[in-house]
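Enquirer: To start, I am sharing the structure in question, which I have written as C-alpha coordinates.
The values are calculated or read from the model by the stated rules, or taken from the named source; none is laboratory data. Being a predicted model, the structure only gives us computed values, none of them experimental. Backbone-built Cβ (ideal geometry, glycine too); neighbour counts: all protein chains shown. Quick note on the areas: whole protein, heavy atoms, side chains included, nothing else; ligands and nucleic acids left out. Shrake-Rupley method; radii C 1.70, N 1.55, O 1.52, S 1.80 Å.
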Amino acid sequence: MSDESHENGGDEDHRIETRAVHAGQEPDAETGALMTPIYANSTYVQDGPGDHRGYEYSRTGNPTRTDLEANLASLEGGEYGRAFSSGMGSINAVVNLLESGDHVVTGDDVYGGTHRLFTQVYDQYDVEFSFVDMTDADAVADAMREETELVWMETPTNPLMQVVDVAAVSQVAHEGGALCAVDNTFATPYLQRPLEHGADIVSHSLTKYLGGHSDVVGGALVTDSEDLDERLGFYQNAVGATPGPFGCFLVLRGTKTLPVRMDRHCENARTLATWLEDHPKVDAVYYPGLDSHPQHDVAARQMDDFGGMLSFELDGTLEEASALVSNTEVFTLAESLGGVESLIEQPAAMTHAAVPSEEREAAGLDDGLIRVSVGVEHVEDLRTDLAQAIETATN
Ligand code: PLP
(Lines give C-alpha, C1' and ligand atoms only; values in the text may rest on other atoms or scores of the structure.)
Protein backbone atom coordinates (compact mmCIF):
# COMPACT_ATOMS: atom_id res chain seq x y z
CA MET A 1 0.00 0.00 0.00
CA SER A 2 1.36 3.42 -0.88
CA ASP A 3 1.62 6.41 1.43
CA GLU A 4 0.15 9.86 0.89
CA SER A 5 3.23 11.00 -1.09
CA HIS A 6 1.74 9.07 -3.97
CA GLU A 7 -1.02 11.62 -4.27
CA ASN A 8 1.14 13.15 -6.99
CA GLY A 9 1.81 9.79 -8.62
CA GLY A 10 5.41 9.15 -7.58
CA ASP A 11 8.63 10.47 -9.05
CA GLU A 12 7.78 12.79 -11.91
CA ASP A 13 11.44 12.88 -13.01
CA HIS A 14 11.08 9.40 -14.39
CA ARG A 15 9.92 8.70 -17.91
CA ILE A 16 6.49 7.26 -18.59
CA GLU A 17 7.77 3.68 -19.13
CA THR A 18 9.28 3.74 -15.62
CA ARG A 19 6.26 5.41 -14.05
CA ALA A 20 3.97 2.86 -15.68
CA VAL A 21 5.75 0.13 -13.71
CA HIS A 22 6.32 1.95 -10.42
CA ALA A 23 4.18 5.05 -9.87
CA GLY A 24 1.79 4.78 -6.96
CA GLN A 25 3.25 1.53 -5.69
CA GLU A 26 5.76 0.63 -2.99
CA PRO A 27 6.58 -2.82 -1.67
CA ASP A 28 4.39 -3.50 1.36
CA ALA A 29 6.19 -2.00 4.40
CA GLU A 30 5.41 -4.97 6.67
CA THR A 31 5.80 -8.01 4.41
CA GLY A 32 7.86 -6.72 1.50
CA ALA A 33 5.20 -7.97 -0.92
CA LEU A 34 6.19 -6.38 -4.22
CA MET A 35 2.76 -6.10 -5.77
CA THR A 36 -0.04 -4.00 -4.31
CA PRO A 37 -2.25 -6.47 -2.41
CA ILE A 38 -5.94 -6.89 -3.22
CA TYR A 39 -7.50 -5.31 -0.12
CA ALA A 40 -10.69 -7.34 -0.19
CA ASN A 41 -12.56 -5.68 2.62
CA SER A 42 -15.44 -3.28 2.95
CA THR A 43 -14.60 -1.67 6.28
CA TYR A 44 -11.64 -0.70 8.49
CA VAL A 45 -11.02 -0.71 12.22
CA GLN A 46 -11.18 2.67 13.94
CA ASP A 47 -8.94 3.43 16.93
CA GLY A 48 -11.74 5.55 18.42
CA PRO A 49 -15.03 6.90 17.04
CA GLY A 50 -14.08 8.82 13.89
CA ASP A 51 -10.37 8.14 14.53
CA HIS A 52 -9.33 6.02 11.53
CA ARG A 53 -6.08 5.37 9.71
CA GLY A 54 -7.05 6.92 6.38
CA TYR A 55 -9.72 4.43 5.38
CA GLU A 56 -13.24 4.04 6.77
CA TYR A 57 -15.31 2.27 4.15
CA SER A 58 -14.32 0.89 0.73
CA ARG A 59 -16.76 2.88 -1.37
CA THR A 60 -15.04 5.99 -0.04
CA GLY A 61 -11.51 4.62 -0.26
CA ASN A 62 -9.61 1.37 -0.64
CA PRO A 63 -5.81 0.97 -0.58
CA THR A 64 -5.68 -1.02 -3.85
CA ARG A 65 -7.70 1.74 -5.49
CA THR A 66 -5.44 4.43 -3.98
CA ASP A 67 -2.41 2.91 -5.70
CA LEU A 68 -4.23 2.64 -9.02
CA GLU A 69 -5.45 6.24 -8.79
CA ALA A 70 -1.91 7.46 -8.10
CA ASN A 71 -0.51 5.38 -10.96
CA LEU A 72 -3.07 6.76 -13.44
CA ALA A 73 -2.55 10.35 -12.27
CA SER A 74 1.17 9.95 -12.82
CA LEU A 75 0.73 8.51 -16.33
CA GLU A 76 -1.49 11.44 -17.36
CA GLY A 77 0.90 13.91 -15.74
CA GLY A 78 -1.86 15.10 -13.39
CA GLU A 79 -2.02 15.57 -9.65
CA TYR A 80 -5.21 13.69 -8.82
CA GLY A 81 -6.74 10.42 -10.01
CA ARG A 82 -10.16 8.90 -9.32
CA ALA A 83 -11.15 5.36 -10.32
CA PHE A 84 -14.69 4.27 -11.21
CA SER A 85 -16.47 1.00 -11.85
CA SER A 86 -16.66 1.72 -15.61
CA GLY A 87 -15.79 4.33 -18.19
CA MET A 88 -19.44 5.38 -18.16
CA GLY A 89 -19.18 5.82 -14.37
CA SER A 90 -16.31 8.26 -14.87
CA ILE A 91 -18.12 10.19 -17.63
CA ASN A 92 -21.21 10.36 -15.44
CA ALA A 93 -19.18 11.90 -12.59
CA VAL A 94 -18.11 14.73 -14.91
CA VAL A 95 -21.71 15.38 -16.00
CA ASN A 96 -22.70 15.34 -12.30
CA LEU A 97 -20.77 18.64 -12.03
CA LEU A 98 -23.52 20.31 -14.10
CA GLU A 99 -26.80 21.83 -13.01
CA SER A 100 -30.12 21.85 -14.79
CA GLY A 101 -30.21 24.63 -17.39
CA ASP A 102 -26.53 24.07 -18.28
CA HIS A 103 -25.40 23.41 -21.82
CA VAL A 104 -22.65 21.11 -23.13
CA VAL A 105 -20.83 21.18 -26.45
CA THR A 106 -19.65 17.77 -27.58
CA GLY A 107 -18.65 15.84 -30.70
CA ASP A 108 -20.94 14.34 -33.32
CA ASP A 109 -18.82 11.16 -33.28
CA VAL A 110 -18.63 10.29 -29.58
CA TYR A 111 -18.91 6.74 -28.24
CA GLY A 112 -22.53 5.50 -28.48
CA GLY A 113 -22.81 5.01 -24.71
CA THR A 114 -21.68 8.59 -24.11
CA HIS A 115 -24.28 9.81 -26.60
CA ARG A 116 -26.93 7.71 -24.82
CA LEU A 117 -25.98 9.07 -21.37
CA PHE A 118 -26.17 12.63 -22.65
CA THR A 119 -29.40 12.34 -24.62
CA GLN A 120 -31.40 9.73 -22.70
CA VAL A 121 -30.38 10.42 -19.10
CA TYR A 122 -29.32 14.05 -18.72
CA ASP A 123 -31.89 15.42 -21.15
CA GLN A 124 -34.46 14.59 -18.45
CA TYR A 125 -32.63 16.87 -16.05
CA ASP A 126 -32.78 19.76 -18.46
CA VAL A 127 -29.12 19.69 -19.45
CA GLU A 128 -28.78 20.51 -23.15
CA PHE A 129 -26.21 19.09 -25.55
CA SER A 130 -24.98 20.33 -28.94
CA PHE A 131 -23.25 17.71 -31.09
CA VAL A 132 -20.79 19.33 -33.49
CA ASP A 133 -17.85 18.46 -35.72
CA MET A 134 -15.08 19.08 -33.21
CA THR A 135 -12.31 18.84 -35.80
CA ASP A 136 -13.45 22.39 -36.57
CA ALA A 137 -12.66 24.62 -33.55
CA ASP A 138 -14.79 27.38 -35.12
CA ALA A 139 -17.81 25.05 -35.08
CA VAL A 140 -17.18 24.51 -31.36
CA ALA A 141 -16.93 28.28 -30.82
CA ASP A 142 -20.18 28.83 -32.76
CA ALA A 143 -21.99 26.29 -30.57
CA MET A 144 -20.91 27.91 -27.30
CA ARG A 145 -23.66 29.67 -25.32
CA GLU A 146 -23.87 31.75 -22.20
CA GLU A 147 -24.97 28.57 -20.34
CA THR A 148 -22.19 26.34 -21.72
CA GLU A 149 -20.39 24.84 -18.74
CA LEU A 150 -18.65 21.85 -20.33
CA VAL A 151 -16.94 20.97 -23.60
CA TRP A 152 -16.62 17.19 -23.86
CA MET A 153 -14.42 15.66 -26.53
CA GLU A 154 -12.98 12.37 -27.66
CA THR A 155 -9.83 12.17 -29.74
CA PRO A 156 -9.27 10.11 -31.79
CA THR A 157 -13.02 9.63 -32.09
CA ASN A 158 -14.86 6.37 -31.98
CA PRO A 159 -15.26 4.98 -34.63
CA LEU A 160 -14.30 7.47 -37.37
CA MET A 161 -10.85 8.19 -35.95
CA GLN A 162 -11.21 11.94 -36.34
CA VAL A 163 -8.60 13.93 -34.47
CA VAL A 164 -9.60 16.95 -32.39
CA ASP A 165 -7.05 19.67 -31.66
CA VAL A 166 -7.14 19.60 -27.85
CA ALA A 167 -5.24 22.88 -27.41
CA ALA A 168 -7.50 24.79 -29.82
CA VAL A 169 -10.75 23.40 -28.41
CA SER A 170 -9.76 23.83 -24.77
CA GLN A 171 -8.92 27.44 -25.54
CA VAL A 172 -12.41 27.91 -27.01
CA ALA A 173 -13.93 26.24 -23.91
CA HIS A 174 -11.99 28.43 -21.51
CA GLU A 175 -12.74 31.62 -23.43
CA GLY A 176 -16.42 30.71 -23.00
CA GLY A 177 -15.97 30.02 -19.28
CA ALA A 178 -16.51 26.25 -19.67
CA LEU A 179 -14.54 23.25 -18.46
CA CYS A 180 -12.82 21.10 -21.06
CA ALA A 181 -12.84 17.32 -20.59
CA VAL A 182 -11.18 14.81 -22.90
CA ASP A 183 -11.96 11.10 -23.21
CA ASN A 184 -8.44 9.78 -23.78
CA THR A 185 -9.44 6.11 -24.00
CA PHE A 186 -8.34 5.54 -27.61
CA ALA A 187 -4.95 7.24 -27.34
CA THR A 188 -3.93 6.37 -23.74
CA PRO A 189 -1.51 8.59 -21.80
CA TYR A 190 1.40 6.80 -23.46
CA LEU A 191 0.48 8.49 -26.76
CA GLN A 192 -1.37 11.66 -25.68
CA ARG A 193 -1.69 13.65 -22.46
CA PRO A 194 -4.56 16.15 -22.80
CA LEU A 195 -3.70 18.05 -19.58
CA GLU A 196 -0.48 19.17 -21.33
CA HIS A 197 -2.66 20.72 -24.05
CA GLY A 198 -4.92 22.66 -21.71
CA ALA A 199 -7.70 20.19 -20.80
CA ASP A 200 -9.08 20.32 -17.24
CA ILE A 201 -10.16 16.68 -16.89
CA VAL A 202 -9.09 13.47 -18.62
CA SER A 203 -11.46 10.51 -18.68
CA HIS A 204 -10.71 6.86 -19.37
CA SER A 205 -12.45 3.62 -19.93
CA LEU A 206 -9.89 1.44 -18.12
CA THR A 207 -11.65 -1.48 -19.77
CA LYS A 208 -9.60 -0.81 -22.90
CA TYR A 209 -5.83 -0.29 -23.27
CA LEU A 210 -5.07 0.54 -19.64
CA GLY A 211 -6.48 -2.79 -18.43
CA GLY A 212 -5.26 -4.21 -21.71
CA HIS A 213 -6.39 -7.84 -21.42
CA SER A 214 -10.19 -7.75 -21.87
CA ASP A 215 -10.68 -9.02 -18.33
CA VAL A 216 -11.89 -5.97 -16.39
CA VAL A 217 -14.35 -3.07 -16.68
CA GLY A 218 -13.31 0.24 -15.13
CA GLY A 219 -13.05 3.99 -15.52
CA ALA A 220 -10.94 6.89 -14.30
CA LEU A 221 -10.66 10.67 -14.15
CA VAL A 222 -7.47 12.67 -13.77
CA THR A 223 -7.16 16.39 -13.11
CA ASP A 224 -4.62 18.94 -11.90
CA SER A 225 -7.18 20.95 -9.99
CA GLU A 226 -7.66 20.24 -6.29
CA ASP A 227 -11.08 21.86 -6.37
CA LEU A 228 -12.26 19.75 -9.33
CA ASP A 229 -10.82 16.61 -7.75
CA GLU A 230 -12.73 17.28 -4.55
CA ARG A 231 -15.97 17.80 -6.42
CA LEU A 232 -15.43 14.69 -8.54
CA GLY A 233 -14.51 12.76 -5.39
CA PHE A 234 -17.80 13.83 -3.83
CA TYR A 235 -19.75 12.30 -6.75
CA GLN A 236 -17.51 9.23 -6.82
CA ASN A 237 -18.50 8.51 -3.22
CA ALA A 238 -22.06 9.86 -3.28
CA VAL A 239 -23.13 8.08 -6.49
CA GLY A 240 -21.03 5.03 -5.65
CA ALA A 241 -19.83 3.84 -9.08
CA THR A 242 -16.55 2.72 -7.52
CA PRO A 243 -14.42 -0.25 -8.60
CA GLY A 244 -13.70 -3.30 -6.47
CA PRO A 245 -10.13 -4.05 -5.37
CA PHE A 246 -9.68 -7.00 -7.75
CA GLY A 247 -10.54 -4.80 -10.74
CA CYS A 248 -8.09 -2.16 -9.50
CA PHE A 249 -5.39 -4.82 -9.13
CA LEU A 250 -5.96 -6.01 -12.70
CA VAL A 251 -5.69 -2.50 -14.13
CA LEU A 252 -2.53 -1.83 -12.05
CA ARG A 253 -1.05 -4.98 -13.56
CA GLY A 254 -2.15 -3.80 -17.01
CA THR A 255 -0.60 -0.34 -16.84
CA LYS A 256 2.84 -1.82 -16.11
CA THR A 257 3.03 -3.10 -19.69
CA LEU A 258 1.08 -0.26 -21.34
CA PRO A 259 4.11 1.26 -23.14
CA VAL A 260 5.35 -2.04 -24.59
CA ARG A 261 1.87 -3.10 -25.64
CA MET A 262 1.12 0.27 -27.23
CA ASP A 263 4.31 0.18 -29.27
CA ARG A 264 3.19 -3.10 -30.83
CA HIS A 265 -0.45 -1.97 -31.24
CA CYS A 266 0.76 1.13 -33.12
CA GLU A 267 3.24 -0.77 -35.29
CA ASN A 268 0.66 -3.40 -36.29
CA ALA A 269 -2.09 -0.85 -36.94
CA ARG A 270 0.21 1.27 -39.11
CA THR A 271 1.16 -1.78 -41.20
CA LEU A 272 -2.46 -2.87 -41.66
CA ALA A 273 -3.74 0.66 -42.41
CA THR A 274 -1.10 1.18 -45.09
CA TRP A 275 -1.88 -2.20 -46.63
CA LEU A 276 -5.67 -1.67 -46.53
CA GLU A 277 -5.31 1.74 -48.15
CA ASP A 278 -3.88 0.07 -51.27
CA HIS A 279 -6.35 -2.83 -51.25
CA PRO A 280 -8.56 -2.80 -54.38
CA LYS A 281 -11.68 -3.87 -52.41
CA VAL A 282 -11.32 -1.12 -49.78
CA ASP A 283 -12.93 2.29 -50.35
CA ALA A 284 -11.60 4.28 -47.40
CA VAL A 285 -9.30 3.79 -44.41
CA TYR A 286 -9.52 5.94 -41.29
CA TYR A 287 -6.23 5.95 -39.37
CA PRO A 288 -4.59 9.14 -38.02
CA GLY A 289 -1.12 7.85 -38.93
CA LEU A 290 -1.84 7.90 -42.67
CA ASP A 291 -0.72 10.97 -44.62
CA SER A 292 -4.16 10.88 -46.26
CA HIS A 293 -5.94 11.38 -42.89
CA PRO A 294 -7.50 14.87 -42.86
CA GLN A 295 -6.12 15.70 -39.40
CA HIS A 296 -2.81 13.87 -39.74
CA ASP A 297 -0.83 17.05 -38.93
CA VAL A 298 -2.79 17.69 -35.73
CA ALA A 299 -2.32 14.05 -34.72
CA ALA A 300 1.43 14.23 -35.40
CA ARG A 301 1.69 17.34 -33.23
CA GLN A 302 -0.51 16.16 -30.38
CA MET A 303 0.23 12.42 -30.20
CA ASP A 304 3.49 10.51 -29.77
CA ASP A 305 2.19 7.78 -32.10
CA PHE A 306 -1.13 7.03 -33.78
CA GLY A 307 -2.66 4.18 -31.81
CA GLY A 308 -4.03 0.72 -32.45
CA MET A 309 -7.52 1.57 -33.72
CA LEU A 310 -8.55 1.91 -37.35
CA SER A 311 -11.75 1.80 -39.38
CA PHE A 312 -12.37 1.10 -43.02
CA GLU A 313 -15.13 0.91 -45.60
CA LEU A 314 -15.38 -1.96 -48.01
CA ASP A 315 -16.08 -1.27 -51.67
CA GLY A 316 -19.18 -3.46 -51.46
CA THR A 317 -22.59 -3.94 -49.92
CA LEU A 318 -23.66 -3.82 -46.30
CA GLU A 319 -24.14 -7.62 -46.44
CA GLU A 320 -20.57 -8.04 -47.66
CA ALA A 321 -19.29 -5.91 -44.77
CA SER A 322 -21.30 -8.09 -42.33
CA ALA A 323 -19.90 -11.22 -44.00
CA LEU A 324 -16.37 -9.87 -43.64
CA VAL A 325 -16.60 -9.33 -39.87
CA SER A 326 -18.19 -12.77 -39.48
CA ASN A 327 -15.47 -14.57 -41.45
CA THR A 328 -12.24 -13.73 -39.64
CA GLU A 329 -10.29 -16.40 -37.80
CA VAL A 330 -7.65 -14.50 -35.81
CA PHE A 331 -9.74 -11.33 -35.34
CA THR A 332 -12.64 -11.95 -32.95
CA LEU A 333 -16.07 -10.48 -33.74
CA ALA A 334 -16.74 -8.54 -30.55
CA GLU A 335 -17.40 -5.10 -29.08
CA SER A 336 -14.74 -3.32 -27.02
CA LEU A 337 -11.13 -2.63 -27.90
CA GLY A 338 -7.66 -2.17 -26.49
CA GLY A 339 -6.94 -5.75 -25.42
CA VAL A 340 -3.94 -7.75 -26.60
CA GLU A 341 -6.19 -9.70 -28.97
CA SER A 342 -7.44 -8.24 -32.25
CA LEU A 343 -11.16 -7.51 -32.44
CA ILE A 344 -13.37 -6.60 -35.38
CA GLU A 345 -16.89 -5.14 -35.41
CA GLN A 346 -19.52 -3.25 -37.36
CA PRO A 347 -20.30 -0.10 -35.31
CA ALA A 348 -23.76 0.59 -36.83
CA ALA A 349 -25.00 -2.81 -35.64
CA MET A 350 -22.95 -3.10 -32.45
CA THR A 351 -21.14 -0.35 -30.46
CA HIS A 352 -23.08 2.55 -32.02
CA ALA A 353 -26.51 0.94 -32.39
CA ALA A 354 -27.66 3.31 -29.59
CA VAL A 355 -27.10 6.31 -31.90
CA PRO A 356 -30.20 6.91 -34.10
CA SER A 357 -29.54 6.00 -37.76
CA GLU A 358 -30.18 9.51 -39.08
CA GLU A 359 -27.61 10.91 -36.62
CA ARG A 360 -25.12 8.21 -37.63
CA GLU A 361 -25.61 9.13 -41.24
CA ALA A 362 -25.23 12.86 -40.56
CA ALA A 363 -21.95 12.17 -38.74
CA GLY A 364 -20.65 10.15 -41.70
CA LEU A 365 -20.89 6.81 -39.92
CA ASP A 366 -21.72 4.44 -42.77
CA ASP A 367 -23.64 1.24 -41.93
CA GLY A 368 -20.91 -0.70 -43.75
CA LEU A 369 -18.08 0.79 -41.69
CA ILE A 370 -15.82 -1.81 -40.09
CA ARG A 371 -13.84 -1.01 -36.94
CA VAL A 372 -10.75 -2.90 -35.97
CA SER A 373 -8.90 -2.99 -32.66
CA VAL A 374 -5.48 -4.18 -33.77
CA GLY A 375 -3.91 -6.48 -31.20
CA VAL A 376 -0.34 -7.49 -30.51
CA GLU A 377 -0.33 -10.75 -32.50
CA HIS A 378 2.12 -11.22 -35.40
CA VAL A 379 1.12 -8.68 -38.02
CA GLU A 380 1.45 -11.16 -40.91
CA ASP A 381 -1.15 -13.44 -39.31
CA LEU A 382 -3.45 -10.43 -38.98
CA ARG A 383 -2.91 -9.33 -42.57
CA THR A 384 -3.48 -12.86 -43.92
CA ASP A 385 -6.67 -13.16 -41.89
CA LEU A 386 -8.10 -9.84 -43.12
CA ALA A 387 -7.10 -10.67 -46.70
CA GLN A 388 -8.96 -14.00 -46.65
CA ALA A 389 -12.01 -12.46 -44.93
CA ILE A 390 -12.23 -9.68 -47.55
CA GLU A 391 -11.82 -12.24 -50.32
CA THR A 392 -14.46 -14.60 -48.88
CA ALA A 393 -16.94 -11.77 -48.25
CA THR A 394 -16.71 -10.18 -51.67
CA ASN A 395 -16.67 -13.31 -53.86
N1 PLP B 1 -15.24 6.01 -23.89
C2 PLP B 1 -14.93 5.36 -25.02
C3 PLP B 1 -14.14 6.08 -26.07
C4 PLP B 1 -15.34 4.04 -25.21
O5 PLP B 1 -15.03 3.40 -26.35
C6 PLP B 1 -16.10 3.40 -24.18
C7 PLP B 1 -16.56 2.01 -24.34
O8 PLP B 1 -16.43 1.41 -25.38
C9 PLP B 1 -16.41 4.13 -23.04
C10 PLP B 1 -15.96 5.42 -22.92
C11 PLP B 1 -17.23 3.50 -21.93
O12 PLP B 1 -16.42 2.69 -21.15
P13 PLP B 1 -16.96 1.45 -20.30
O14 PLP B 1 -17.44 0.44 -21.29
O15 PLP B 1 -15.77 1.02 -19.51
O16 PLP B 1 -18.06 1.95 -19.44
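Enquirer: Return the residues of the range 212-234 that are of a type in the set (S, T, Y) and surrounded by fewer than 21 Cβ atoms within 10 Å (Cβ to Cβ); say none if nothing qualifies.
Expert: Within the range 212-234, S214, S225 qualify.
Enquirer: Could you figure out which of (1) of a type in the set (A, V, I, L, M); (2) buried (at least 19 other Cβ atoms within 10 Å of the Cβ); (3) part of a loop (DSSP other than H, G, I, E, B); (4) within 16 Å of the ligand (Cβ to nearest atom) isn't true of M350?
Expert: The failed condition is (2).
Enquirer: Among the helices (runs of 4 or more DSSP H) contained in the range 106-211, which hold 3 or more residues that are surrounded by fewer than 20 Cβ atoms within 10 Å (Cβ to Cβ) and away from the ligand (no atom under 15 Å from the Cβ)?
Expert: Once the helices (runs of 4 or more DSSP H) in the range 106-211 are filtered for at least 3 residues that are surrounded by fewer than 20 Cβ atoms within 10 Å (Cβ to Cβ) and away from the ligand (no atom under 15 Å from the Cβ), what remains is 137-143, 166-175.
Enquirer: Could you check the range 332-347 and list, in sequence order, the residues that are assigned to a strand (DSSP E or B) and among the acidic types (D, E)?
Expert: Correct list: E345 only.
Enquirer: Filter the range 21-61 for residues that are more than 27 Å from V260 (Cα to Cα) and among the small types (G, A, S); which is modelled with the lowest pLDDT?
Expert: Going through the qualifying residues, I end up with A29.
Enquirer: Another question, if that's okay. If the Cβ limit is 9 Å and pairs must be 6+ apart or interchain, which residue in the range 251-276 that is small (G, A, S) pairs with which residue that is assigned to a helix (DSSP H, G or I) and open to solvent by less than 50 Å² (accessible area, probe 1.4 Å)?
Expert: Going by the 9 Å Cβ cut-off, the qualifying pairs are G254/R261.
Enquirer: What number of residues in the range 195-230 are under 12 Å from the mean Cα position of the chain (by Cα) and within 20 Å of V172 (Cβ to Cβ)?
Expert: 2
Enquirer: Okay, next question. For the range 228-323, list the helices (runs of 4 or more DSSP H) that sit wholly inside it and hold at least 2 residues that are under 26 Å from D385 (Cα atoms); which are they?
Expert: Counting at least 2 such residues, we get 258-277.
Enquirer: Related question: Considering the range 32-58 alone, what residues qualify as being open to solvent by 50 Å² or more (accessible area, probe 1.4 Å), β-branched (V, I, T) and closer than 21 Å to L250 by Cα?
Expert: I38, the sole residue that qualifies.
Enquirer: Scan the range 74-101 and report the pairs whose first residue is over 18 Å from V21 (Cα atoms) and whose second residue is in a loop (DSSP other than H, G, I, E, B) and open to solvent by less than 10 Å² (accessible area, probe 1.4 Å), with Cβ atoms within less than 6 Å and a gap of 6+ or a chain change.
Expert: L98/V127
Enquirer: Which of (1) in a helix (DSSP H, G or I); (2) more than 16 Å from the ligand (Cβ to nearest atom); (3) not polar (S, T, N, Q) is the odd one out, the single condition L34 does not satisfy?
Expert: Going through (1) in a helix (DSSP H, G or I); (2) more than 16 Å from the ligand (Cβ to nearest atom); (3) not polar (S, T, N, Q) one by one, L34 breaks only (1).
Enquirer: I would also like to ask the following. Identify all residues within the range 18-31 that are open to solvent by 80 Å² or more (accessible area, probe 1.4 Å) and touching a Gly at 6+ places or on another chain (Cβ under 8 Å); write none if there are none.
Expert: Selection gives H22 alone.
Enquirer: Considering only the range 212-250, state which residues are small (G, A, S), closer than 16 Å to R65 by Cα and within 16 Å of the ligand (Cβ to nearest atom).
Expert: Hits for the range 212-250 are G218, G219, A220, G240, A241, G244, G247.
Enquirer: So L98 clears everything in (1) within 14 Å of the ligand (Cβ to nearest atom); (2) open to solvent by less than 40 Å² (accessible area, probe 1.4 Å) except one condition, right? Which one?
Expert: (1)
Enquirer: Look through the range 318-347, keep the residues that are within 16 Å of the ligand (Cβ to nearest atom) and charged (D, E, K, R), and return whichever of them is most open to solvent (accessible area, probe 1.4 Å).
Expert: Checking each candidate, the answer is E335.
Enquirer: Cβ contacts < 6 Å: first residue under 16 Å from V164 (Cα atoms), restricted to the range 136-149; second residue assigned to a helix (DSSP H, G or I), any location; separation 6+ or different chain. Result?
Expert: Sorted first by the residue in the range 136-149, then by its partner, the pairs are A137/A168; A137/V169; A137/V172; V140/V169; V140/V172; A141/V172.
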